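Here's the structure, in structure tokens; my notes come after.
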Amino acid sequence: DVKVTQSSRYLVKRTGEKVFLECVQDMDHENMFWYRQDPGLGLRLIYFSYDVKMKEKGDIPEGYSVSREKKERFSLILESASTNQTSMYLCASSLPTNGYTFGSGTRLTVV
Amino acid sequence: QKEVEQNSGPLSVPEGAIASLNCTYSDRGSQSFFWYRQYSGKSPELIMFIYSNGDKEDGRFTAQLNKASQYVSLLIRDSQPSDSATYLCAVEGKYGNKLVFGAGTILRVKS
């Protein structure tokens, strides 16, 4: 089975901090995605990547950046964390047309 | 109009009944369709996918697709309390990389 591992299950950060969320997949998937999920708003796409060193903006990229230096790793960066970035962050990977496999999620609280 | 629409529920069914979850989508070029189950506090897990018009069965689950009506559904037979979760419909566009998710339907199975 594909495994998608997110480095932290829970994180608490202070406003203004730079935050790194790490995601690693072990099945050589080309596509990787970062979503946030908030009650009533569903899953919203932040950034995605189809290849190493490639990234594309999703629906809500403001305040975020990403890095994909290796095929298996896709990092989400909050440049200066704000309270409105408190959320559940979900990483996913996939092959084309095969649907996603999600990581277990990181619940980030910004205080 | 949202790209993928689901009734938010909650849908309540008695144990042993058939639960019927529905989803409509707006992009006629969509090729692949997925159902995810998400338990509270957990990440989504893929339970069914369907590419062709008609029905696809897997155990107690049946996915139904009607591309002409832009409609996809999930039937859960012999519903169990453990089926209580949020069910997310996801649609993949014609370029086969990115999923668009509905907001999800909450299912409650009462024993």
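Summary of computed values
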| read-out | value |
| --- | --- |
| Search result, residues across segment B:68-111 that are among the aromatic types (Phe, Trp, Tyr) and touching a residue at least 60 places away in the same chain (Cβ under 8 Å) | B:Tyr87, B:Phe101 |
| Close pairs from segment A:84-111: first at the interface with chain B (Cβ under 10 Å from one of its Cβ atoms), partner acidic (Asp, Glu) and part of a strand (DSSP E or B), Cβ under 8 Å, at least 6 apart | A:Met88/A:Asp38; A:Thr97/B:Glu92; A:Gly99/B:Glu92; A:Phe102/B:Glu45 |
| Qualifying residue in segment B:20-40 (condition: surrounded by fewer than 16 Cβ atoms within 10 Å (Cβ to Cβ), closer than 30 Å to A:Tyr10 by Cβ, within 14 Å of chain A (Cβ to nearest Cβ) and modelled with pLDDT of 95 or more) | yes |
| Leading residue by the ranking (nearest to the other protein chains (Cβ to nearest Cβ)) among those in segment A:18-37 that are open to solvent by 70 Å² or more (accessible area, probe 1.4 Å) and part of a loop (DSSP other than H, G, I, E, B) | A:Glu30 |
| Given (1) outside any strand (DSSP E or B); (2) away from chain A (no Cβ under 14 Å), number of the condition B:Ser43 does not satisfy | (2) |
| Subset of segment A:38-59 [touching a residue at least 24 places away in the same chain (Cβ under 8 Å) and in a strand (DSSP E or B)] | A:Asp38, A:Leu43, A:Ile46, A:Tyr47, A:Ser49 |
| Residues that are under 13 Å from A:Asn31 (Cβ atoms) and surrounded by fewer than 20 Cβ atoms within 10 Å (Cβ to Cβ), drawn from segment A:69-98 | A:Lys71, A:Glu72, A:Leu95, A:Pro96, A:Thr97, A:Asn98 |
| Selection from segment B:50-74 of residues that are within 11 Å of B:Gln31 (Cα to Cα), within 14 Å of another protein chain (Cβ to nearest Cβ) and in a strand (DSSP E or B) | B:Ile50 |
| The one condition in (1) touching a Pro at 6+ places or on another chain (Cβ under 6 Å); (2) open to solvent by 80 Å² or more (accessible area, probe 1.4 Å) that A:Leu41 fails to fulfil | (1) |
| Every residue from segment A:46-60 that is within 14 Å of chain B (Cβ to nearest Cβ) and either among the hydroxyl-bearing types (Ser, Thr, Tyr) or open to solvent by less than 90 Å² (accessible area, probe 1.4 Å) (or both) | A:Ile46, A:Tyr47, A:Phe48, A:Ser49, A:Tyr50, A:Asp51, A:Met54, A:Glu56, A:Gly58, A:Ile60 |
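The values are calculated or read from the model by the stated rules, or taken from the named source; none is laboratory data. This one's a predicted model, so the numbers in the text were calculated from it and none came from an experiment. So basically every Cβ, Gly included, is an ideal-geometry build from the backbone, and we count neighbours across all protein chains shown. Accessible surface areas use protein heavy atoms only, side chains included; no ligands, DNA or RNA. Shrake-Rupley method; radii C 1.70, N 1.55, O 1.52, S 1.80 Å.
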